[in-house]
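Q: Mind having a look at this structure? Questions to follow.
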Amino acid sequence: IEMNNTRGYVVEITPMNTTIREFGGVLYGDSFTGRYVTVPNSHILKGNVFNYTKDTPFIWDQLVLNVTYESDVKLAERLLFDAAEEVVGPMMRENRARLRSKYEFADLADYIAEEPRVGWAFGASSIDLSLVYFCPVFAKGSYRTRLVKRIYEKVTAEPRVQFAYPHVQFVPSDGDK
């Protein structure tokens, strides 16, 4: 569950408190921190509680690749799709029916990513390509790491696609010497 900016696995519920074993927190991804968090049940009644595993063991995630405006953006999109196909594609197809059975409304299937999807957006100094995929809740960090590594390998091997990053370039005017 996630509540009050804390994520973890419920390990005990008493009349007064709920104890969770924290993951994420100050660590990258969804790694266990080793900490137990005791939350008064009054806080649970007052705030939102997000349950990651109530009816499905999967969660959607998103990775953003920022590429320069000079890049071959269609090729960059293809590289994202290729990496996603290698890392999460087969798993997503194998579990599509399990997810679909949990949709509250039949028309949701048209709007929910059941295979890797890439969306485009304009950034301040880049084209931002967002890869949306789902994976097992408990393995989100490892899937994300595998995807980032694979995307990095593909982009660095392709000279027509360049990562965008913030930088400043000084261009002197004609009067400057």
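The values are calculated or read from the model by the stated rules, or taken from the named source; none is laboratory data. What you see is a predicted model; the values in this text were computed from it and never measured. Please note: Cβ atoms are built from the backbone with ideal geometry, for glycine as well, and neighbour counts cover all protein chains shown. For accessibility, only protein heavy atoms count, side chains too; no ligands or nucleic acids. Shrake-Rupley method; radii C 1.70, N 1.55, O 1.52, S 1.80 Å.
Q: Tell me which residues, restricted to region 20-33, are open to solvent by 20 Å² or more (accessible area, probe 1.4 Å) and either at pLDDT 85 or above or aliphatic (A, V, I, L, M) (or both).
A: Initial filter on region 20-33 (open to solvent by 20 Å² or more (accessible area, probe 1.4 Å)): 21, 25-33.
If the condition is that a residue be open to solvent by 20 Å² or more (accessible area, probe 1.4 Å) and either at pLDDT 85 or above or aliphatic (A, V, I, L, M) (or both), then 21, 26, 27 are the ones that fit.
Q: I'm checking my understanding of the structure. Among residues of region 46-61 that are touching a Phe, Trp or Tyr at 6+ places or on another chain (Cβ under 8 Å) and not acidic (Asp, Glu), which one is farthest from residue 120 (Cα to Cα)? Walk me through how you get there before you give the answer.
A: So in region 46-61, the residues touching a Phe, Trp or Tyr at 6+ places or on another chain (Cβ under 8 Å) come out as 57-61.
Filter once more, so that each one left must be not acidic (Asp, Glu): 57-60.
Numbers: 57: 28, 58: 24, 59: 21, 60: 18 Å.
The selected residue is 57.
Q: Can you find a residue that is more than 23 Å from residue 162 (Cβ to Cβ) and acidic (Asp, Glu) anywhere in region 60-70? Walk me through it before giving the result.
A: Narrowing region 60-70 to residues more than 23 Å from residue 162 (Cβ to Cβ): 60-61.
Applying the additional criterion that residues be acidic (Asp, Glu) yields 61.
Checked region 60-70: at least one residue is more than 23 Å from residue 162 (Cβ to Cβ) and acidic (Asp, Glu).
Q: Condition first: touching a residue at least 24 places away in the same chain (Cβ under 8 Å) and of a type in the set (A, V, I, L, M). Now tell me which residues in region 40-51 satisfy that. Reasoning before the result, please.
A: Step one: list which residues in region 40-51 are touching a residue at least 24 places away in the same chain (Cβ under 8 Å), which gives 40-41, 43-44, 47-51.
Residues satisfying the conditions are 44, 49.
Q: Working only within region 146-163, note down all residues that are open to solvent by 50 Å² or more (accessible area, probe 1.4 Å) and either β-branched (Val, Ile, Thr) or assigned to a strand (DSSP E or B) (or both). I'd like the intermediate steps shown before the answer.
A: First pass over region 146-163, keeping only residues open to solvent by 50 Å² or more (accessible area, probe 1.4 Å): 146, 148-150, 152-153, 156-157, 159-160, 162-163.
Of everything in region 146-163, those that are open to solvent by 50 Å² or more (accessible area, probe 1.4 Å) and either β-branched (Val, Ile, Thr) or assigned to a strand (DSSP E or B) (or both) turn out to be 148, 156, 163.
Q: Based on this model, can you work out whether residue 54 counts as over 19 Å from residue 118 (Cβ atoms) and free of Cβ contacts under 8 Å to residues at least 60 places away in the same chain?
A: Working: over 19 Å from residue 118 (Cβ atoms): yes; free of Cβ contacts under 8 Å to residues at least 60 places away in the same chain: yes.
Criteria met by residue 54.
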